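Here the structure comes first, spelled out in structure tokens, and everything after it is commentary.
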Amino acid sequence: MMAIRVLAVAVTIGWVGTASAADFPKGTFTLKDPDGAVWAVTFDGKDKYSVTRDGKDAVVGRYKVTKDEIELKDESGDFADKENVGTYKWTLDGKKLTFTKVKDESAGRAAVIVSGAWEMKEKDKD
């Protein structure tokens, strides 16, 4: 009975199930799009991200995480949309990172980022 009360209090004050910026993972995540291209996005754990498509540089930019939302601002690259900032909800389930569009005028970025679950790439062993 005590455990149920503790859980109820935890949920009420937001201890359970609420993502925070500190929860956002750093590392590289990959996704294969419907055309068979392999995309990889790397988040540095600070504020920079980079994207490759089939191993070739595509986008470099900055990101900002606030709770369960991430803002993406492309800065350079052949696929960069420097004019628009994209805002997405994010969830991490084990090693799978998914995004849901909140607002993004960049059709290309939106199409790729929400096209499926991004799988965490295993770190290289030294």
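The values are calculated or read from the model by the stated rules, or taken from the named source; none is laboratory data. As the structure is a computational prediction, the values presented were derived from the model and not from experiment. Neighbour counts run over all protein chains shown; Cβ positions are idealised from the backbone, glycine included.
Is it the case, given these coordinates, that VAL65 is over 15 Å from ALA21 (Cβ atoms) and free of Cβ contacts under 8 Å to residues at least 60 places away in the same chain?
Details: over 15 Å from ALA21 (Cβ atoms): no; free of Cβ contacts under 8 Å to residues at least 60 places away in the same chain: yes.
No.
Kindly indicate whether ASP54 is acidic (Asp, Glu), in contact with a strand residue (DSSP E or B) (Cβ under 8 Å, 6 or more places away or on another chain), modelled with pLDDT of 95 or more and farther than 15 Å from TYR88 by Cβ. Explain how you work it out, then say what you get.
Values: acidic (Asp, Glu): yes; in contact with a strand residue (DSSP E or B) (Cβ under 8 Å, 6 or more places away or on another chain): yes; modelled with pLDDT of 95 or more: yes; farther than 15 Å from TYR88 by Cβ: yes.
Yes; evaluated as a whole, the condition is true for this residue.
Contact list please: Cβ distance under 6 Å, first residue in the range 96-117 and more than 16 Å from ASP78 (Cα to Cα) and touching a residue at least 12 places away in the same chain (Cβ under 8 Å), second residue assigned to a loop (DSSP other than H, G, I, E, B) and of a type in the set (A, V, I, L, M, F, W, C), pairs at least six apart or on different chains.
From residues that are more than 16 Å from ASP78 (Cα to Cα) and touching a residue at least 12 places away in the same chain (Cβ under 8 Å), the pairs are LYS96/ALA117; THR98/ALA117; PHE99/VAL114; LYS101/VAL114.
Here's a check for you: in the range 10-45, which residue that is over 26 Å from VAL65 (Cα atoms) and not charged (D, E, K, R) is modelled with the lowest pLDDT?
Here is the first cut: in the range 10-45, the residues over 26 Å from VAL65 (Cα atoms) are 34-37.
With the extra rule that they be not charged (D, E, K, R), the set shrinks to 34, 36-37.
On the way: PRO34: 85, GLY36: 92, ALA37: 95.
Taking the candidates together, the pick is PRO34.
What pairs can you find where one residue is in the range 78-93 and over 16 Å from LYS64 (Cα atoms), the other is part of a loop (DSSP other than H, G, I, E, B) and among the small types (Gly, Ala, Ser), and their Cβ atoms are less than 6 Å apart, with a gap of 6+ or different chains?
Final answer for the pair search is ASP81/SER106.
List the residue pairs whose Cβ atoms are under 9 Å apart, where the first residue sits in the range 27-52 and is at positive phi, the second is assigned to a strand (DSSP E or B) and surrounded by 18 or more Cβ atoms within 10 Å (Cβ to Cβ), and the two are 6 or more positions apart or on different chains.
Pairs found: GLY27/PHE43.
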